[in-house]
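Each remark here refers to the structure printed beneath this line.
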């Protein structure tokens, strides 16, 4: 566990539409966040974006979702992309921290069960100035997931990275 | 952790302003007001003193906080020069000057953000 609060982290959540990212310096220092929707050559372009983020923000640690955790299911393409991002991080001499969805839910919702919407609302309440305006409306059964949800996936990883209560 | 050269984009997004709007507030005229702001945010251009002070007014944060990377660099450079100046032999040693130089030289090592 990294106890030093003087580190900059880049959390990346690779998803089916593209990726979400968040950059933090300490638990309350949200530097940047956003999502990139990628249409074609998804893995190549997503990897290019991650490389760009690493070059621009110069993080000390790269936080990624644990796609091989027993509670996680991911498409083969996402798993390949994940492996490529880890390789890129090693090439850039970055530390990599993998966080599972269960860890995110347990820390932010206080329970291993919960919806993505509840997670996003908890994060929006934690960072009202930055994230409240990005909170998508509740998804109805006939609706696809809002692309903005990628931001909250990355933010969840970034927030859970820091030791609890610090 | 080395701070980023500036945190202008973070502060702009906090206020949900566009680059065009910030450009207008900075007093940039012409068609592409946001271009200069974009270059400042991407670290490709170092803003003038007047622009830096205007950023402080717009975002309500001190310049040293907005341009943390530049500030740290300047602090380290001054500390290195102060150290050098302190070692120089002078005919009439001035205690106050010496104390000021020692204080400046120590500043870079004391500041936790530099570690």
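The values are calculated or read from the model by the stated rules, or taken from the named source; none is laboratory data. Predicted, not measured: the structure shown is a model, and the values here were computed from it. Positions of Cβ are backbone-derived with ideal geometry, glycine not excepted, and every protein chain shown enters the neighbour counts.
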(Q) Quick test of your reading of the structure: residue B:93 fulfils all but one of (1) part of a loop (DSSP other than H, G, I, E, B); (2) without any contact (Cβ under 8 Å) to a residue 40 or more places away in the chain; (3) within 13 Å of another protein chain (Cβ to nearest Cβ). Name the failing condition by number. (A) (3)
Q.
For region A:113-133, give me each residue that is without any contact (Cβ under 8 Å) to a residue 40 or more places away in the chain, in a loop (DSSP other than H, G, I, E, B) and in contact with a helix residue (DSSP H, G or I) (Cβ under 8 Å, 6 or more places away or on another chain).
A. A:113, A:114
Q. Out of all the residues in region A:75-91, is one or more assigned to a loop (DSSP other than H, G, I, E, B) and either buried (at least 19 other Cβ atoms within 10 Å of the Cβ) or without any contact (Cβ under 8 Å) to a residue 24 or more places away in the chain (or both)?
A. no
Q.
Can you tell me which of (1) touching a helix residue (DSSP H, G or I) at 6+ places or on another chain (Cβ under 9 Å); (2) within 28 Å of residue A:53 (Cβ to Cβ); (3) in a helix (DSSP H, G or I); (4) modelled with pLDDT of 90 or more is the one residue B:113 doesn't meet?
A. (4)
Q | residue A:138 being assigned to a loop (DSSP other than H, G, I, E, B), modelled with pLDDT under 90, surrounded by fewer than 16 Cβ atoms within 10 Å (Cβ to Cβ) and at negative phi | A | no
**Q.** Those residues of region B:1-10 which are crowded, with 20+ Cβ neighbours inside 10 Å and either away from every other protein chain (no Cβ under 13 Å) or assigned to a helix (DSSP H, G or I) (or both), in sequence order
**A.** B:8, B:10
(Q) Give me the residue from region B:15-27 that is over 26 Å from residue A:54 (Cβ atoms) and surrounded by 17 or more Cβ atoms within 10 Å (Cβ to Cβ) and, out of that set, nearest to the other protein chains (Cβ to nearest Cβ). (A) B:17
**Q.** Any chance residue A:101 is within 14 Å of chain B (Cβ to nearest Cβ) and either touching a strand residue (DSSP E or B) at 6+ places or on another chain (Cβ under 9 Å) or at pLDDT 95 or above (or both)
**A.** no
Q: Take the residues in region B:14-33 that are part of a helix (DSSP H, G or I) and touching a helix residue (DSSP H, G or I) at 6+ places or on another chain (Cβ under 7 Å), then tell me which one is nearest to residue A:60 (Cα to Cα).
A: B:14
(Q) Being within 22 Å of residue A:162 (Cβ to Cβ), surrounded by 16 or more Cβ atoms within 10 Å (Cβ to Cβ) and either within 14 Å of another protein chain (Cβ to nearest Cβ) or within 16 Å of the chain's Cα centre (by Cα) (or both): is that true of residue A:9 here? (A) yes
Q) Do the conditions hold for residue A:46, that is, is it over 21 Å from residue A:131 (Cβ atoms) and crowded, with 18+ Cβ neighbours inside 10 Å? A) yes
Q: Find the residue count for region B:42-66, including only residues that are within 14 Å of chain A (Cβ to nearest Cβ) and in a loop (DSSP other than H, G, I, E, B).
A: 5
**Q.** Residue match in region A:95-108 (condition: closer than 19 Å to residue A:147 by Cα and in contact (Cβ under 8 Å) with a residue 60 or more places away in the chain)
**A.** no
Q) Of all residues in region A:17-72, which are assigned to a helix (DSSP H, G or I), closer than 24 Å to residue A:120 by Cβ and either away from chain B (no Cβ under 14 Å) or without any contact (Cβ under 8 Å) to a residue 40 or more places away in the chain (or both)? A) A:42, A:46, A:49, A:50
